[in-house]
Structure formats: C-alpha cells, structure tokens
Amino acid sequence: MHGYGVIQEVIALSDGRVRLRPGTLYGALDRLVEQGLVVADREEVVDGRLRRYYRLTEDGAGTLEAEAKRLTSNAEAAVERLRRRSSQVRLAHG
Amino acid sequence: MADAAPTGGAGLTGAAAGLHQERTGAAYARGCRALLLAYPRTYRAERGEEILSTLLDSAVPGQCLPRAADAADVVAAGLRVRLGTPSMAGFDAGLAAAAPIALALAAGISAFAWWRVEPVGSGPSVAPAFLGLFRTIGPLAYLAWLIAALARVLLPVTASRIAIGLAIGATIALPAVSGVTSYDRPPLWVVMALSVFGVLAFAGSPIGTRPSVDERIGVAVGAVGVAVVSSALVELWPPAGGGFGYYYQPTIARVGAVVAGTVGGVAAYALVKAARSSDAQAKKAAQPWLWATALLGLPAGWLGPFDSAGLRIAADSAVPHFGRLAQVLLATSVATVTIAGLARRRTSVKTGPPPTLVPAGAATIGAAVGLAWFLALGAQGWLGFTERAPMPAHVLVTLCALAVAGLCGLARPVGARPAGAGPVGARSAGARSAVRAFLVGVGLTVPAAWLVAAYDNGWTVGGWPHFAHTAALVATLAFLPFAVCVVASLRRVALRQTIGERAAAVLMLTVSLAWVAYAAVPSVLSWGPVVVVLLSGCAVLGITASPRSSRGG
C-alpha cells in the first residue's frame, strides 16, 4: 500500500474519525521501517506521481497480531464487565 | 516529475475550466514544494517526491493551497527530521508525558511567586507597586498560568491549548511591558522557565487527545503541591536574607529545588521502568519517561542556584566568571547534550552522510572569532565600552580552548579519508558546509556577546564602564560551543573510523570537558538544579546506551 492509500484506508477503517496528515504518516513510516515492521516493496509512477508501496514484514505481521490480540482481550474484558453490570442492575431492579 | 493538478474548477467549462484547473494545480504544487523545504535536502532527495505525490493526491478539486493543518504537520515533521527526532522511539509519548507535568510546574511556580513573593511589604522594592499590591507585573502572567491549569483540568484540550498559548504570550510580553512602563518585572530566568514549560505543555497536548481524569486531577494537585512545598521549603531552609521577600532567593532557589526534585522523580521513574523491563517490548515503556526527563530538565536547570556562596566574580582574577548567566548556560548545555544523546538518528531513510566533526569545529572556530573580535574591540574602549583595559587572562584561556577544540574538528588526520572523498562536488559541498557553520558561529556569537554586555550593564546600549567584568560574562557564552563540541565528538567517537579520526574526536571532547571543568567545577555549590539535571541526564544516557536498551530498538 502507498502513502495516500494508507491515509484513505485509515479514514475508511475509522469511519472518518482519524485522518493521517502527510508529515505524521511519513514520520510513522520511517519508524516502522526502522523497526523492521514494514518494508518498502516497490515503486511506480502513476500520472507523473511517484508511489512507493510498503508491505508488512513477518516481524510486522507478528507484532500486529500480538497487538490485535491484546486489544481484543481488553475489549472482551470490558464487554464481560459490562455484561456483569447489566445483570446486577437487572437483579437490583427486580 | 509533472505537477499533476488537483482536478476542479466547478462551474467553469471548456478552455476556461482547463486554464483554471492548470493554475490552481500549479499553485497547489508550488505550495507543497515550498513546504518540503522544511525537510533537510538529503531527506527531500530520498522522500520528497513521494510526500509531494501524497499531498497532491490528497488535494480536493479546485484547491490552490495546502490545508493549514497539513502545512503545519509537514513543516513540523520536517523540522523534527532536521532536529534528528523523527524516528526516535518515545519522543511523542515523552512530550505527552511531560506536558501535564510542565503545566503543573508552571502553575505551581506562578502560584508560589504570587502568593509569597509578589505582595508588597514582603520585602524590599525599588519600583512602584503594580496596582498598589504587587512588587512586579508578574501576576499578569501568573494569573494566565493559573487559568491555563484550570482550563486543562476542566475544559477540552482545544480550549486549554488556547489558554496555554495566551499564558505563554503574557509571559513573553512581561519584559516589553516592563520596558515601556515604570513597573518592575520578574527575573528573566523565571520568565524563560515559565515560557519553555508552557511550550512543552502546548506541544504535548495535541488537538484530538483526551486527557484522563487522573491526568486532569494530577495537574491541579501538582500545581498546588509545588506552591505549598516551595513555601514550606522557604520556612525550613530560609535564604540568606531571611524569610520571604527577596525575589531571587525564594523564587529561584526554593522553587528550583522543588522543580529539580520533580525532574529527578521523573528520571527515577524512568530508571525503575527500565530496570524492571526484561524484554525489548517492555523496555520501550521507559523511553517516553527518558524523553520527559530530558525535556523538563532544560527549563528546570535554569531555576537556581540554591546557594549563591559558590558564585564567582572573575573581573580581576585568573579564573573564569561563574554567575547566574553561567549557571543558566551550563544547565542549557547539560540539557542539550542529554536531548542530543536521545535524539541520535536511527532512521532507515538517508538523512546524509555519517556525522563529521567539521561543522562543529567550524562553528566553534566561528564562535572563537566572534568572541575575540567583540572583546578585542571592547578592550580598546569601542562598541560601547568607556575605557581601554587589558584582556583578562581567563578570557584568553577560553579563546585558546575554543580555537583548539575547533581545530580538532577541522584537522584532517594522516590516513583519514577526507569527507566526501572522491567526487569534487562532495568535497566542495563539505567546504560549503564548513563555511556556513563558521558564519553561523560568528553570526550568532557577536549579537549574543553584545546582548550579554547590555545585560551586564542594566540593558543599556553604551557607556559600559567595567570591561573586565563584562568580558568575563561574555566569555561564559563559550559553554554553548563547547556543548556542541561534546555532542559532535561523542557521536563521532561512536562510529567506526581511523585512529586519527578517533584521536581528533577524543581531543575535541577532552578540551571541551576540561574547559567546562575549569569554568564550572570550582562553583559546584552554586550549580543548584543543574546537579539534579546532570545526574538525571547521565541516567538517561546510560539507559539509552545500555545493550539491553539497544536491543529494544
């Protein structure tokens, strides 16, 4: 995926709530490349514009998976707490 | 590459629409290219077209200028690349961690100064009372800081940023307001520290973030804590004059102790986090707190000294002067070296060839030339001085040390590969860089020397009677080029290189540290918060350089 594609994808995934700015995006890409989590895959010129495509490395996929599991676990814990709270509220109100 | 235009020109047809589209597209592309100048040339060569393409892709039809938010973001990112902080893990998180602490410190300092120092009758006063109540116009800014802290506690980030911005403006305006009125102002060190704490609080609270309840309560409790503990400290550890009332001693020294203690606490927290982390992922958790320590350490170091007994007036002696200005410059140097150590570039994107000693050496020679020129003319009774006087011996020692450190950077040891060896263009680029650094050194030093001379003579522009005293103060500016030499030589020592190159770097480092020791160590009792900032900085750099930390990436 290229830089503009990442911006579009983030907007879509967040339902428009998050819009990455170009300076922030490329700073983040620098960090991810530096940490070996993504790698520049190929380049192409479309309508006179340079597009550099990035892809996840194996390390990046592993880190993403671990982070996704952590967030899922947190979300499940929160849902469980809410479920218990709802049960208690129902009991309290008879 | 063609500057393909954002499509648009709604309402126009045919040739007119095409012309409009072409013009807006060209203007938009020009604007984007101008923004990219914020990045260093080498980074632009690697990434410029890619970022430009993304900006062009992001444009909406008919747009002729980049959005303000995009422009600010690109410029900020470019400046961060120039400063070497874009890829440093933990910088953003460190700034965010430092922001509420900085705001609490600014509000606490303000509350203490207003409560304990400003009321007339609390001590001697030479200027008319402001509003008949206060010794200076400081409460104008102090009120703004208290409002900013309250806004952070109660309001959304957007509103609190406005309040912090207003408080920074009010603080920076104090010297000017004092200059055009008959009222006194707080000491400059207080103004400077409040301003920089404010900048940290502002920059570390980006729009869109939502501070937690704990963080909001922490700002309020922290501000009250700083004021109350500082007040108690004056009672327990009264200044030489006794009790409250003398602005410098209670405010700078006692508040400085509390602020330094806070920085030490942040450093200790980072140390504990680093020590308890056994794997790379956990190690990263300490990185933001290392950054927070380094960032808060800069203004914290200015609030001193704790004890003026160690201050040394060197007007007629052979040892350098060490007064409040020197203490501030030393604090700035220590914080700069710490920040530079954390900000070492580790990016995969090329930002230029490996660092050489040449720019630091040339800038240091420039600083030496600037100081020598200013002081030589001053010794002749020119530039505002009223009498001819001999150059103090310690000033000559300082100039010689600067020259030696600078020459270490410019020397090309036998067997060393010249910078940019081979291509003539690369060598001439190296020469241009050296000349530019030299001119920057001269260009910054001469006005700085003049400002210090004016400061030493009550902010007058001439009629300066005591050359030896003023020259001693001006010479303390050497702390800054020596700090640059320390950073450059430490970075160079860490690289693979020939023995000659290593020797040059080691000699530059040795000369720089030797001069700092010569100027500052005899006055160690008056370093004040610098001791805490120095220890914290050493801890930060120690953790950063440790093998476990480097594994953490």
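The numbers here are math on the coordinates, done by the rules we state, and not lab data. What you see is a predicted model; the values in this text were computed from it and never measured. Positions of Cβ are backbone-derived with ideal geometry, glycine not excepted, and every protein chain shown enters the neighbour counts.
If one takes the longest principal axis of the Cα atoms in chain A, at what angle in degrees, from 0 to 90 and to the nearest 10, does the Cα axis of helix A:58-92 lie? On a 0 to 90 degree scale, this one is about 20.
For every other residue with a beta carbon closer than 15 angstrom to the beta carbon of B:A203, add +1 if it is Lys or Arg and -1 if Asp or Glu, then tell me the sum. Could the numbers behind the result be given before it?
Numbers: positive: B:R80, B:R152, B:R161; negative: B:D73, B:D92.
Neighbourhood net charge equals +1.
Look at the stretch A:54-66: the mean tally of other chain Cβ atoms within 10 Å of its residues' Cβ atoms is 0. Here the Karplus relation 6.51 cos²θ - 1.76 cosθ + 1.60, evaluated at θ = phi - 60°, turns the backbone of region B:58-66 into coupling constants of 7, 6, 9, x, x, 6, 10, 9, x Hz, with x for every Gly and Pro. Just so you know, the Rg over Rh for region A:1-56 is 0.98, from Cα atoms, with Rh as the Kirkwood radius. Under 5 Å between amide hydrogens, built in the peptide plane, is the criterion, and for A:Y54 it picks out A:H2, A:D41 among residues at least 5 positions away or on other chains.
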